[in-house]
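Just below is one structure, and these are the notes that go with it.
The values are calculated or read from the model by the stated rules, or taken from the named source; none is laboratory data. Keep in mind that this is a model prediction, so the values were computed, not measured. Note that we place each Cβ from the backbone using ideal geometry, even for glycine, and neighbour counts take in every protein chain shown.
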Amino acid sequence: MKFFNYVFIAGFIMLVTLTSCAGSPESKSGKPVLLVVSFGTSFNESRALTIGAIENALAEAYPEYEVRRAFTSQIIINVIKKRDGEKINNVNEAMRQLVKDGVKDLVVQPTHLMEGIEYHEMLDAVKPFEKNFNSVRFGKPLLSSDADYDELIKAIVDETRQYDTDGEAIVYMGHGTEAESNKDYTILAQKLVEQGYKNYFIGTVEAEPSLEDVIEQVKAFGANKITLLPLMIVAGDHASNDMAGDDDDSWKSVLQEEGFSVTPILKGLGQYKGVQQIFISHVSDALQ
């Protein structure tokens, strides 16, 4: 009889334990969630220094929220999974997990530079899940208002002060987009000039202004030295290869061929404290 009582009690304890554990994965913090959505990068060090730094800054600024990560580039997600065995959710997977975990209040903060194709695809991915939440709020991309341009310019100037010497041009390489928001690159370049930073130049890899435009502008300015940086959240593949690579068609190589002394700096915008602060303020705007 004692044996059967022991079996019954042990079975009951096991049942209670399994029941309590089944609904309590570490993702269930009971907090509202701040989902940080980035394009992503397969460059592990840059990912930690940029996307990770933004996520950490947001977690520190909003401790009442659980910060989660999602990437919009499935190619990058697949590379990281195959190479490192690390699983990073795309937006659809992140939203399904949020619903599964019973999260009811959500803030989605993209780290995209502007309202380009990836940003709108993110909005489309979130939309079907909104009915499952009490509230879903969206923060804006980095460049979304006149104040954002001013804050980004301040961050850029602060981060590049050591390179801002007589006769030196500071050139930023952006990605470029087919979306209407590509105009943001030109607006940023114009605002830099308007604020007196005439030795700062903006170009893009895949759109306008082009590298040829930048070369023409730098020559007209009269600089013979160039500091080259990515106008991208991460210093990943584009920065390492298209900007600073040794191939003949990289920006560094083309500029050197044009007679410039070129110093590439592999530092993504996500490392800039001022850029992190812009995203913090965008979450604040969303919450209000």
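Whether any residue in the range 137-154 is outside the structural domain of ARG96 (by TED's automatic domain parsing), more than 19 Å from the chain's Cα centre (by Cα) and closer than 23 Å to ALA244 by Cα is what I want to check. No, there is no match, as no residue in the range 137-154 is outside the structural domain of ARG96 (by TED's automatic domain parsing), more than 19 Å from the chain's Cα centre (by Cα) and closer than 23 Å to ALA244 by Cα.
For the range 72-88, check the following and say yes or no: at least one residue is surrounded by 11 or more Cβ atoms within 10 Å (Cβ to Cβ), under 16 Å from PHE133 (Cβ atoms) and at pLDDT 95 or above. Scanning the range 72-88 turns up no residue that is surrounded by 11 or more Cβ atoms within 10 Å (Cβ to Cβ), under 16 Å from PHE133 (Cβ atoms) and at pLDDT 95 or above. Which one of LEU143, LEU98, LEU152, LEU113 is touching a residue at least 60 places away in the same chain (Cβ under 8 Å), in a loop (DSSP other than H, G, I, E, B) and on the phi < 0 side of the Ramachandran plot? That would be LEU113, the only listed residue that is touching a residue at least 60 places away in the same chain (Cβ under 8 Å), in a loop (DSSP other than H, G, I, E, B) and on the phi < 0 side of the Ramachandran plot.
This table checks each residue for (1) modelled with pLDDT under 95; (2) surrounded by fewer than 21 Cβ atoms within 10 Å (Cβ to Cβ); (3) at negative phi.
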{"residue": "VAL16", "(1), (2), (3)": "yes, yes, yes"}
{"residue": "VAL33", "(1), (2), (3)": "no, no, yes"}
{"residue": "THR41", "(1), (2), (3)": "no, no, yes"}
{"residue": "GLU66", "(1), (2), (3)": "no, yes, yes"}
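Can you tell me how many residues within the range 188-204 are surrounded by fewer than 21 Cβ atoms within 10 Å (Cβ to Cβ) and either touching a residue at least 40 places away in the same chain (Cβ under 8 Å) or not assigned by TED's automatic domain parsing to the domain that holds GLU257 (or both)? Qualifying residue count for the region: 3.
Across the range 243-288, the qualifying residues are those that are assigned to a helix (DSSP H, G or I) and touching a Ser or Thr at 6+ places or on another chain (Cβ under 6 Å), and the one among them that is surrounded by the most Cβ atoms within 10 Å (Cβ to Cβ) is GLY270. May I ask you to verify whether ALA169 is in a strand (DSSP E or B) and surrounded by 15 or more Cβ atoms within 10 Å (Cβ to Cβ)? Here the answer is yes, as ALA169 does meet what is asked. The set of residues from the range 119-142 being of a type outside the set (Val, Ile, Thr) and touching an Asp or Glu at 6+ places or on another chain (Cβ under 8 Å) comprises PHE133, ASN134, SER135, GLY139, LYS140, PRO141, LEU142.
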